[in-house]
Amino acid sequence: MAVPSWLERLQAASKTALVQDGKRKVHYLFEDGKEMAEEYDVKTGQLVSRKWREKNTLGGTGKWQVEVGEPTSPLLGALESELIKESSSNPVFMRKDTLSSFQWRIRNLPYPKEVYSVSVEKEQRCCVIQTTNKKYYKKFSIPDLDRYQLPLDAAALSFTHANNTLIITYQKPKEILAAEEQLQKELKKIKAANSGDGDCKTQ
């Protein structure tokens, strides 16, 4: 039996939706018990945040892990007990996508643009940020490319620096753009829980 594609897994997941504060909030429950929660801007369809949660080793509910959006952003009303306390001077790494690209922002990096280099490690399937002054180093993956089993392309990667923030952009491949367009069509079919129809699940 062929392994279902990521888009097929999304389509098969049990989904509920809620429209609140200008955002469409979608909760996915997968067959393996994992949960994913996403928020989209209602007007633009742009992904604002994405979180994951799975059962812990004791079978209880684990904590939400942020993939896209502010690290402390509450999602679907789930109030996180732990607050990530960052020093005002420590670099803060977060992902904030656009419709056409994956994008990461690292705040509190005051060094000039020429200090940074951003590259792709194809074998390790990750991107690497380095500085010539040895002040900052980070490896990060692009889970979306892993889920769709797509290779990393160095030509799609670029970066800029402004206001003490390093902004890294990876242009979405056409396969992901097509899949996201298809998913948006699916999500629009889901009746929001607060639209007057209480049964908002799809199979």
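Taking other residues whose beta carbon is less than 12 angstrom from the beta carbon of M36, and scoring Lys, Arg as +1 and Asp, Glu as -1, yields +2.
Which percent of the accessible area of segment 86-175 is formed by carbon and sulfur heavy atoms (probe 1.4 angstrom)? Present the calculation step by step, with values, prior to reporting the outcome.
Values: 2370 of 5010 Å².
Exposed carbon and sulfur together represent 47 percent of the surface.
Straight-distance candidates among the lysines for linking to K134, with alpha-carbon spacing under 16 Å and chain neighbours fewer than 8 residues away dropped: K113. For K174, the lysines whose Cα falls under 21 Å of its own Cα, not counting residues fewer than eight places away in the same chain, are K96, K122, K185. Among residues other than A12 whose Cβ falls under 12 Å from its Cβ, what is the net charge (Lys/Arg +1, Asp/Glu -1)? Counting the neighbours of A12, the net charge comes to -2.
Fully extending the segment from E186 to L29, taken as 0.36 nm per residue of separation minus the present Cα-Cα distance, adds 55.0 nm.
For the pair N164 and R125 in one chain, pulling the backbone fully straight at 0.36 nm per residue adds 11.3 nm over the alpha carbon distance.
Please identify which residues in segment 114-158 have an amide N closer than 12 Å to a label point set 7 Å out from the Cα of T98, following the Cα→Cβ vector. Only 158 pass the distance filter.
Considering only the other residues whose Cβ falls under 12 Å of the Cβ of K174, what net charge follows from Lys and Arg at +1 and Asp and Glu at -1?
Details: positive: K172; negative: D153, E175, E180, E181.
Local charge sum for K174: -3.
The values are calculated or read from the model by the stated rules, or taken from the named source; none is laboratory data. Since the structure is predicted, the reported quantities are computational estimates derived from the model, not experimental observations. A quick note on method: Cβ atoms are made from the backbone with ideal geometry, for glycine too, and the neighbour counts reach across all protein chains shown. We work out accessible area using only protein heavy atoms, side chains counted, and drop any ligands, DNA or RNA first. Shrake-Rupley method; radii C 1.70, N 1.55, O 1.52, S 1.80 Å.
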